[in-house]
Structures are given as C-alpha cells and as structure tokens.
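I have placed the structure first, in the form of structure tokens, so that the comments after it can refer back to it.
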Amino acid sequence: MKPIVAVVGRPNVGKSTLVNRLAQTQDAIVHESRGVTRDRSYHDADWNGRTFTLVDTGGIEPMKSDDVFATSIRDQALAAAEEADAILFVVDGSVGVTEEDETVARLLKRVKKPTFLLVNKLDNPEREEERLWEFYSLGVGDPCPISAVHGHGTGDLLDEVVAVLPEEVEEDDPYGDLLSIAIIGRPNAGKSSLFNKVIGSDRSIVSDVAGTTRDAIDTIIERDGVHYRLVDTAGIRKKSTVYENIEYYSMVRGLRAIDRADVALLVVDASIGVTEQDQKVAGLAIERGCALIVLLNKWDLLKDDRAREQVMETVARRLTMAPWAPQLRISALTGRSVEKIWNLVEKAAASRAAKVSTSRLNQFLTELREFGHTIVDGKRRLRMHYVTQTGVKPPTFTFFVNHADMVDDTYRRYIENRMRGAFDFEGTPIRLRFRNKSSRDEGR
C-alpha cells in the first residue's frame with residue numbers, strides 16, 4: 001500500500017497546480033480511463049525510489065446534497081488529516097494569511113501528522129523572506145516558500161516529504177496468496193449490509209488479520225472449502241465519525257482498499273442510480289488493475305419498469321469505461337442474489353489472470369489484418385507486425401507496429417473491442433501497449 005500525501009488548503013491557492021507539478025516528477029501518472037473526467041485528483045508519484053499517492057482535496061467535486069459537510073473546507077481538511085501519512089498545507093503567499101487559512105491550521109494542529117506549510121506563488125526568491133514572516137502566525141511549523149508553477153522549492157520539499165513517510169513493512173501473513181475482494185462504493189449504498197450478509201450466512205469466519213491500512217482488519221472467510229480475503233474498507237466495520245459522509249474521506253478509504261484487492265465489488269444504490277462518485281471509484285479500480293463487478297443494491301425498492309429503466313440509464317451513461325463489468329441486481333438486506341456474487345468473483349478473477357497463447361494471438365492478428373481496418377495519415381499507413389502478452393493481473397498486451405504515434409483513442413477502443421470479442425475477458429480491464437518495431441525486433 002502506497003503512503004498517502006494529502007494536499008489541503010482553501011480554494012485557489014494552487015493545490016491542483018502543485019499536485020500536477022509533483023506528479024510530473026515521474027512518468028507513470030495513472031492511466032486514463034474512458035468515461036472518467038480527466039482532471040483526476042489522485043496521482044501516483046515517485047521521488048528517489050519512494051512511491052506515494054498524492055490526493056488533491058480541492059479537486060474533488062462535492063456531493064450534490066444538503067449536507068453542509070459535503071462542501072466544507074473545515075471538514076475536508078480534517079478528513080484529509082485523519083487519513084494521510086503526511087499533509088501539504090498550501091497557502092497563497094501573494095495574498096497573506098486569511099481567516100480560512102487560520103481555520104484549516106487550527107484543525108491540522110489537532111492531528112499529530114507530519115505537516116508541511118507551503119507558501120505558494122512566491123515566484124521571486126529574492127523577496128520571499130519578507131513575505132514569509134506572517135505565516136508563522138498559523139503555528140503549524142516553518143513556512144516553506146515554493147512556486148508550484150515554476151517548480152521552485154519542490155525538489156527540497158519532496159526530499160523532506162519522503163523522509164517522513166512510513167516504510168512499507170512486509171507482514172507475516174499466512175493468507176497472503178488468497179483472492180482479495182474489496183467492497184467499494186459511496187456512503188450508504190449498502191456496503192456494510194453486504195459485508196455482514198457475506199460473512200454471516202452459511203460460512204465461517206476463519207480469521208481476522210491485520211491489513212496494511214491503518215487500523216484495518218481484513219476478514220478471511222471460507223466458502224465451500226475455498227478461502228477468500230475480504231479487504232477491509234474502513235466504514236464497513238465501523239463508522240467512526242460523521243466525516244464518513246464526506247466524499248474525500250470515503251474515496252481515500254476506497255483507494256486504500258482497491259490497492260490491496262484483486263476484485264472490487266462496486267455497490268451502487270439502485271434507488272439513486274450510478275452517481276459521479278460511483279464513476280470515480282470505478283475509475284480508480286480500473287486504473288489500478290482490479291477486476292470489477294457492479295452490484296445494483298436495493299433493487300427490490302424499485303417498484304415499476306420506469307424506475308428500473310432510469311437506473312439502467314445511469315449505468316450506461318456513467319460506466320462507459322467498463323462495459324465489460326458484469327452487473328448483478330441484489331438486495332444486501334434480504335440476501336437476494338447475494339450468493340450469485342461468488343461465481344462472478346471467480347470468473348472475473350480468472351479473466352484477470354488469463355494468459356493467451358502466442359499462437360492464438362497470431363491468429364487474432366491475422367484475422368485483424370484480413371478485416372483491413374487501420375489508420376491512414378497521408379502516405380503513412382499503420383501496420384501491426386506482431387503482438388505478445390506482456391503481463392497478467394490485468395492482462396497486458398504489447399503490439400509492435402510501424403508507427404505507434406498513429407494509434408489514437410478510437411483505434412485503441414476498436415482493438416480492445418475486437419480482443420474482447422475474440423477472448424474471454426469478462427470482468428477485467430485489459431492493457432494495450434503499442435511500440436514501434438525496431439531493427440532488433442526483426443528476428444521475432
């Protein structure tokens with residue numbers, strides 16, 4: 001599990017710019033998924049071999065609700081502090097200390113987490129000292145001058161941040177190789193009810209084992225002689241604070257669980273339909289290579305065909321990036337169709353670990369060429385030379401071509417659809433890479 005570094009502060013101080021600046025220090029920013037907004041607030045970063053996840057609290061759209069906590073800077077900051085391993089508190093050096101800055105600072109002082117006070121928008125290093133003194137009044141440590149736009153000060157900052165991050169400790173876990181399942185979704189969708197139903201009927205809890213998430217206890221269960229690990233998503237076991245209702249808080253908890261899961265069960269409240277938050281959580285699972293199953297919970301509350309059609313419309317509109325994810329209509333409260341989840345889990349896990357032989361891939365490529373659909377740009381024509389599987393969990397394929405730069409999103413979708421038609425990848429994302437065929441590849 002990667003450590004989490006939260007970027008907090010009032011609006012318009014440059015949090016998103018800083019996240020983008022820090023994330024660009026490495027090449028593997030999380031893979032873009034179709035159908036998901038691209039200004040994503042979760043980024044993997046790497047500094048001197050230490051990897052961590054950056055979370056921009058300001059980049060998350062608030063839930064559309066009457067709950068005052070949903071849009072409150074105060075509660076976003078506190079939720080961030082509770083979950084993060086380190087906190088970057090960003091203020092605007094061109095404006096000075098504001099009342100909102102003071103509110104955030106008071107909250108952060110209650111939480112004993114490493115906190116870095118970053119005075120942003122100081123683009124002139126020669127004058128930064130005269131602007132820093134007033135920020136000492138916030139009482140959260142020495143102010144550090146940075147310019148997120150120009151990168152000034154960010155290298156030294158990253159050195160200090162990675163120095164305080166916890167080391168990833170390998171735990172002695174006798175159940176380490178088990179299939180791991182995470183129950184994810186927005187608050188009040190029925191995750192707790194499903195968790196209780198799964199562990200409570202016709203099967204025994206074998207063991208509770210410590211997870212890598214702080215205070216998380218994973219549950220090992222046995223079903224028909226097969227052991228599974230239910231990855232703990234805090235809030236399933238206990239709802240410790242009102243902050244469970246903040247989107248940021250539940251998203252980070254889901255992120256921690258997804259990072260340790262093979263299969264993610266996305267619990268959707270069918271009485272509401274698929275929301276933007278459901279869409280984001282599904283996108284996170286796909287980015288991290290999880291198999292995905294969509295559970296339409298509370299289906300029994302829908303009384304007529306019109307209501308059911310409206311729910312399915314939200315599925316089609318918001319989960320366009322995962323048409324391959326099986327959907328199951330359940331009631332976690334009554335147990336309706338819950339038993340059917342296990343077959344879907346096994347099937348999705350098998351798809352995620354699938355290996356396709358080279359001979360079958362060659363046959364697929366031959367059929368693809370015969371179909372004749374390709375990309376032409378002036379005198380250039382895209383040609384696919386060969387393909388090989390270069391990874392599993394999820395299945396990853398590398399296509400060697402003459403002009404990799406010609407492959408656009410539309411053609412990538414076309415190839416993925418053809419592959420899904422030829423091979424059984426139900427329930428799992430797949431990765432497609434396109435590389436130029438070099439002279440050293442000629443013998444292949």
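The values are calculated or read from the model by the stated rules, or taken from the named source; none is laboratory data. For clarity, every value in this text was computed on a predicted model and none was experimentally measured. These area figures cover heavy atoms from the full protein model, side chains too; ligands, DNA and RNA do not enter into them. Shrake-Rupley method; radii C 1.70, N 1.55, O 1.52, S 1.80 Å.
Assorted remarks:
- Too-long pairs where the Cα-Cα distance tops 32 Å, listed order kept, from Lys303/Lys355; Lys112/Lys347; Lys15/Lys112; Lys2/Lys109; Lys298/Lys355: Lys303/Lys355; Lys112/Lys347; Lys298/Lys355
- Sequence of Thr17, Thr390 when ordered by accessible area, the most exposed leading, probe 1.4 angstrom: Thr390, Thr17
- Taking a ≥ b ≥ c as the square roots of the eigenvalues of the alpha-carbon gyration tensor, segment 270-350 is classed oblate because a/c is 1.5 or more while a/b is no larger than b/c.
- Using alpha carbons only: equivalent-ellipsoid semi-axes of segment 311-437, gyration tensor based, whole Å: 34, 17, 11
- Largest accessible area first, the residues Lys340, Lys379 order themselves as Lys379, Lys340 under a 1.4 Å probe with ligands, DNA and RNA left out.
- Each of Leu179, Leu361 has its accessible area taken with a 1.4 Å probe; listed largest first, they run Leu179, Leu361.
- Ser16 sits with roughly 50 Å² accessible to a 1.4 Å probe, with DNA, RNA and ligands left out of the calculation.
- Rounded to the nearest 10 Å², the accessible area of Lys197 at probe 1.4 Å: 60
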